[in-house]
Amino acid sequence: MTAKIGKTVGDSQPYWPAAPKRPKGAPNILVVLFDDVGFSDFGCYGSPIATPTIDAIAQRGLRYTGFHTTSMCSTTRAALLTGRNHHSVGVGCLANFDSGYPGYRGKIAKEAGTLAEMLRPHGYRNYMLGKWHVTPLTESGATGPFDGWPLGRGFDRFYGFMDAETDQYAPELVRDNTPVDPPGTFATGYHLTADLVDQAIRYLADHLADDAGIPWLTWVALGACHAPHQAPADLIAKYDALFANGWDNERDQRLARQKKTGIVPQDTRMPPHNDAVKPWAELPGGEKRLYTRLQAAYAAMLEHADQHLARLMGFLEEAGQLDDTLVIVMSDNGASQEGGPLGMVNAMGPYNLRRETLEEKIARIDDIGGPDTHSNFPLGWAMAANTPLRRYKQNTHGGGIRDPLVISWPKGLAARGELRHQFCHASDLTPTLLDIVGVTPPAVINGIEQMPIEGTSFAPSLKNPQAPSKKTPQYFEMFGHRGLVMDGWKAVAFHPMGTSFDKDKWELFHLDRDFSETDDLAAKEPERLKAMIAEWWKQAEAHKVLPLDDRFAPRFADNAKRFHGPRKRFVFHAGMGHVPTDVAPDVRSRTYTIEADARIDGPATEGVLIAHGDMTCGYSLYLKDNRLTYDMNIGGQHHIAVSDRPVPAGNRRLGVRMRRKEGRNVATLLIDGEPAGGFDEPHGFVSFISWSGLDVGRDRGSPVSHYEAPFSFTGRLRKVTMVMDDDQMLDAKAAADAVLARE
């Protein structure tokens, strides 16, 4: 008897169900998501930064001036991907911790299907490149679980990174579900942005070669312009002169351009300086040069990304795909305040309480943007990036949540170079795309009943500039900062962390008449404000925002303890792959011992036994010149112990014992259990090790110590064992500040 597969026609002929068909009129979709780029930073939004590719996309389509995000990266991504509010889907804060409350799990709920999961049954192939950051980082290791990774949430291919940020020259890359090495180094001209565009072109070229009739969604989430700000030196040098007049002059020029091009109303007022930002004219000359160079690195990173976006757009045009591709370019939140008032050349030192003095930063001015820096610009330049809006990323004033949005679709939109001023939100993107494609959100995905879509399609405004704005109230909340937009008005409260929520000052702005939120009408319209605050609480109750919790440091510390639990011993066998930093041994502020079981063939045997980190921070245990060496690199300051005797040939136990003693860090090198030298230093891993992960037998990318990566071990390494004492005295606030800065 002939085996039957599915339905049969007659007695023996198999009948294969038809493949899903492209919905009629449905375009391909390209989403380009920038990171930490301010409202005014694209050229077509008022900036002098060269973004001709983005500007050309805008000229072929639309620019929105009322697009709002959630003020942080994980949260905006959750809203964009699902069409729901970020608390509703369990990502009320960051993917870096799970506080246990339904709105704060750090992972998109299965009941909230992603755009990719909703498009897949309708024939779309879905490609994800770049930053993911909607999976708990404690689930980013070799055992997953993988249900929250891109391939577990509807994407067919993934090439990118899981964390909030990564080094652009030595990134923490994953292909599909497996960590992989970058295909180049800084020395060979490698940069992550170029690599992501290469891979996007590869995915689409393969797609078209196989079946050009199948529609596709390609989501490119760039690392630009999140710290570290890293870009080619020639591009950085180009911007020194452009920004030499400082942030006050730059704000004025940007606002003038915005008024001239209609981005903002003619009567828009420039708000006063944000807190802790000094007038440019009052700064000493050395600080001006430093801050200008830090801004130049940021600008160069953005132009560099635009240059590579041009390659992707060029490929689409050459392949005949551009006319029927809906292209979306946007940012996930406002420009970042995480560089602080003075900016940073290498943030890793301050995270571990090693102060980076102004003199040190100025001395390293020519290193900015290179592989041994982790730079971020100061508050003044972030303020300029958000012109003409108040505050920054993390906040619910305009500078944190109002962002650029550029849309083009030559075949489907007649508009060319037009503006749209409607209010819309990150949660509105997916329902808009589903509306355009003609797909109804499914009631069930993978057997799981779905929660309602909460966003509202703004598709009517794509063709009709007079289409109304979103009618439903839109709440905002991040770290206790709160806001509500309703009927053209906005109520907003800035929350100083650690203070009573009852003491927060609520402001009231008529957004339709006050773009930059400078005219507080709270005293003139107390009843309106009271009603909007009451509506905020109603929305908060409905969308799992409660309980309000600004205890960022304790929440983070609790999460780390819960993940590692009682485990104090790790064994890394030779042949294993890369270990992401969040699942590597937590050696911060504690006593620990590392021991490698290795065979030494003779004096020429050399290489890394274990390394965690990169050039900016981390530790490495290695053999060099027949000596055992341990380097504790704290923000680029190397504390090195070299053995007082050569390492004999044969099977050896090679290690280091690190002890915390009266606030100091005491290292003892061990050869077959016997002391062999060490150091006694004040600095150590107080709150942070590195964003880069751990390897055994090599240092795969950006080298922690003074050798050329990967400096693979040339003897025979069997295993490395790490044992941590139960004496960790973690500074929860410092650790939380370090994590917050990486978001």
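The values are calculated or read from the model by the stated rules, or taken from the named source; none is laboratory data. Nothing here was measured: the structure is a model prediction, and the numbers come from that model. Cβ atoms come from the backbone with ideal geometry, glycine included; neighbour counts cover every protein chain shown. Please note that ligands, DNA and RNA were not included when accessible areas were found on the heavy atoms of the full protein model with its side chains. Shrake-Rupley method; radii C 1.70, N 1.55, O 1.52, S 1.80 Å.
A few comments on the model shown:
- Summing charges over all other residues whose Cβ lies under 10 Å from the Cβ of Ile453, with Lys and Arg as +1 and Asp and Glu as -1, gives -1.
- Averaging the sequence gap over all C-alpha pairs within less than 8 Å and six or more residues apart, then dividing by the number of residues, gives region 9-156 a relative contact order of 18 percent.
- Probe 1.4 Å, all protein chains present, accessible-area order of Met722, Met270, Met497, largest first: Met497, Met270, Met722
- Ligands, DNA and RNA aside, Ser469 has an accessible area near 50 Å² when probed at 1.4 Å.
- Theoretical FRET efficiency, 1/(1+(r/R0)^6), r = Cβ-Cβ of Leu208 and Val444, R0 25 Å, to 0.05: 0.20
- Toward the positive end of the charge dipole of the chain, with +1 on the Cβ of Lys and Arg and -1 on the Cβ of Asp and Glu, the farthest Cα among Ile610, Ser427, Ser620 is that of Ser427.
- Separation between Cα centres of region 326-388 and region 80-117, rounded to whole Å: 28
- In terms of accessible area, using a 1.4 Å probe and ignoring ligands and nucleic acids, Val579, Val642 rank largest first as Val642, Val579.
- In region 98-228, taking the dipole from charged Cβ atoms about the Cα centre, the farthest positive-side position among Gly113, Ser140, Cys225 is held by Gly113.
- Considering only trypsin sites (Lys or Arg not before Pro) in DSSP loops that have at most 13 other Cβ atoms within 10 Å, the longest stretch of the chain without any of them is 25-354.
- For the chain, calculated [θ]222 nm from helices alone, where every DSSP H run of n ≥ 4 adds -39500 (n - 2.57): -7000 deg cm²/dmol
- Assigned charges on the beta-carbon of Lys, Arg, Asp, Glu; region 15-129 dipole about Cα centre (debye): 620
- Counting only lysines at least 8 places from Lys544 when in the same chain, those with an alpha carbon closer than 24 Å to its own are Lys107, Lys110, Lys393, Lys470, Lys471, Lys490, Lys503, Lys505, Lys530.
- In the chain, taking the dipole from charged Cβ atoms about the Cα centre, the farthest positive-side position among Asn177, Ala200, Val666 is held by Asn177.
- Mean separation of Cα contacts under 8 Å (6+ apart) over length of region 108-219, as relative contact order %: 30
- Each Cα pair under 8 Å and six or more residues apart adds its separation to the average, and for the chain the resulting relative contact order is 17 percent.
- This model, with +1 at the C-beta of Lys and Arg and -1 at the C-beta of Asp and Glu, gives the chain a dipole about its Cα centre of some 1080 debye.
- Dipole magnitude (debye, nearest 20) for region 69-151, charges at Cβ of Lys, Arg, Asp, Glu: 200
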